[in-house]
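Take a look at the structure set out below.
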Amino acid sequence: MQRAITLEVEGMTLRGMEHVPEGAEQNPVPAVILFHGFTGTKLEPHRLFLKISRALEAQGIASFRFDFMGSGESDGDFEDMTASTEIRDAKEILAMVRRDKRILQDKVSLLGLSMGGYVAGIVAGDLPDAVHKLMLLAPAGNLRDIMQAVAAESGVQDDAREFDHGGDVVGRGLYEDVMRIDGFARAKPFRGPVLLVHGTGDSVVPYQVSVKYRDDVYGDAAELQLIEGADHTFNSRPWEQEVIRRVVSFAAAE
């Protein structure tokens, strides 16, 4: 069952959707929390997150997906968003889901796309005992490089407080925050099962970033699935269906 939900975080309302299988009130179920990417929303391109949520629910797994503060329909302005505000939001969402009586507290997993993968990895690393499994789709472990490239493309000066990125106003706080955070190091304490899915044609986050996550961060706990030719957000039906199949299979496995 799909239902609109809200969560208050430091005076801001985050708006999201929950998909909870029927009967979970009597028999609690596992859950997956989905974190969207930079400039993304709880739907993501070609409704990928909605399709993943519906596929998970069909397998008896609940899911929750929110717009981060300043993104989508949630309160706040995009220029006030930083990596740290998204990490804060993600931890509050995780705490909310783990309190939900319909959800098995020890079976809450995280899924993140792009910057959402970067955030999910850090949250799992900071709170390893609270996360069951981790699913990272084209995770932006190279976020420092991306932010530097975005700033350069916008032609901003080093001291600019904000810049226009395709209509989204990006605050300097995000840039400075990302420069301070080592996403790979923060992710390392998580020792649960990890699925990495990445397209070999990704020009935003090269698939070698997922190779680095596997080799330098997660080791034998990680399974890396490369989708030949796929771009950053898996923008074709065959690529999308492969992602959904991999995610559902991994989430449902014992």
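The values are calculated or read from the model by the stated rules, or taken from the named source; none is laboratory data. What you are looking at is a predicted structure, and each value in this text was computed from that prediction instead of being measured. Note: ideal-geometry Cβ built from the backbone for every residue, glycine included; neighbour counts use all protein chains shown. What goes into the accessible areas is simple: the full protein's heavy atoms, side chains included, and nothing from ligands, DNA or RNA. Shrake-Rupley method; radii C 1.70, N 1.55, O 1.52, S 1.80 Å.
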| query | Inside segment 55-76, can you point out the residues that are in contact with a helix residue (DSSP H, G or I) (Cβ under 9 Å, 6 or more places away or on another chain), surrounded by fewer than 18 Cβ atoms within 10 Å (Cβ to Cβ) and not small (G, A, S)? | reply | Q59
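Conditions tested, residue by residue: (1) under 17 Å from E44 (Cα atoms); (2) open to solvent by 70 Å² or more (accessible area, probe 1.4 Å); (3) hydrophobic (A, V, I, L, M, F, W, C).
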{"site": "H165", "(1), (2), (3)": "no, no, no"}
{"site": "A185", "(1), (2), (3)": "no, no, yes"}
{"site": "Q208", "(1), (2), (3)": "no, yes, no"}
{"site": "R214", "(1), (2), (3)": "no, yes, no"}
{"site": "Y218", "(1), (2), (3)": "no, no, no"}
{"site": "A222", "(1), (2), (3)": "no, no, yes"}
{"site": "E228", "(1), (2), (3)": "no, yes, no"}
{"site": "F250", "(1), (2), (3)": "no, no, yes"}
| message | Looking for something touching a His at 6+ places or on another chain (Cβ under 9 Å), modelled with pLDDT of 95 or more, assigned to a loop (DSSP other than H, G, I, E, B) and closer than 16 Å to V119 by Cβ - is there at least one such residue anywhere in segment 201-216? | response | yes
| query | closer than 22 Å to L143 by Cα, in a helix (DSSP H, G or I) and either among the aromatic types (F, W, Y) or open to solvent by less than 10 Å² (accessible area, probe 1.4 Å) (or both), is that true of F49? | reply | yes
| Looking at L196, L226, which is the one that is at negative phi, out of contact with any Pro (no Cβ under 9 Å at 6 or more places or on another chain) and not polar (S, T, N, Q)? | L226
| field | Residue pairs meeting the criteria (Cβ under 8 Å; at least 6 apart or on separate chains; first closer than 16 Å to I244 by Cα, in segment 133-147; second of a type in the set (D, E, K, R)) | value | A138/D202
| task | Working only within segment 134-162, note down all residues that are open to solvent by less than 10 Å² (accessible area, probe 1.4 Å) and either in a strand (DSSP E or B) or touching a Phe, Trp or Tyr at 6+ places or on another chain (Cβ under 7 Å) (or both). | result | L134, M135, L136, L137, P139, A140, L143, M147
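Could we say that M96 is within 30 Å of R172 (Cβ to Cβ), at pLDDT 95 or above and among the aliphatic types (A, V, I, L, M) here?
No.
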| What tally of residues in segment 164-189 results from selecting those that are in a strand (DSSP E or B) and in contact (Cβ under 8 Å) with a residue 12 or more places away in the chain? | 5
| remark: Of (1) under 26 Å from M147 (Cα atoms); (2) without any contact (Cβ under 8 Å) to a residue 12 or more places away in the chain, D77 fails just (2)
| task | Determine if segment 9-16 includes at least one residue that is surrounded by 20 or more Cβ atoms within 10 Å (Cβ to Cβ) and not in a strand (DSSP E or B). | result | no
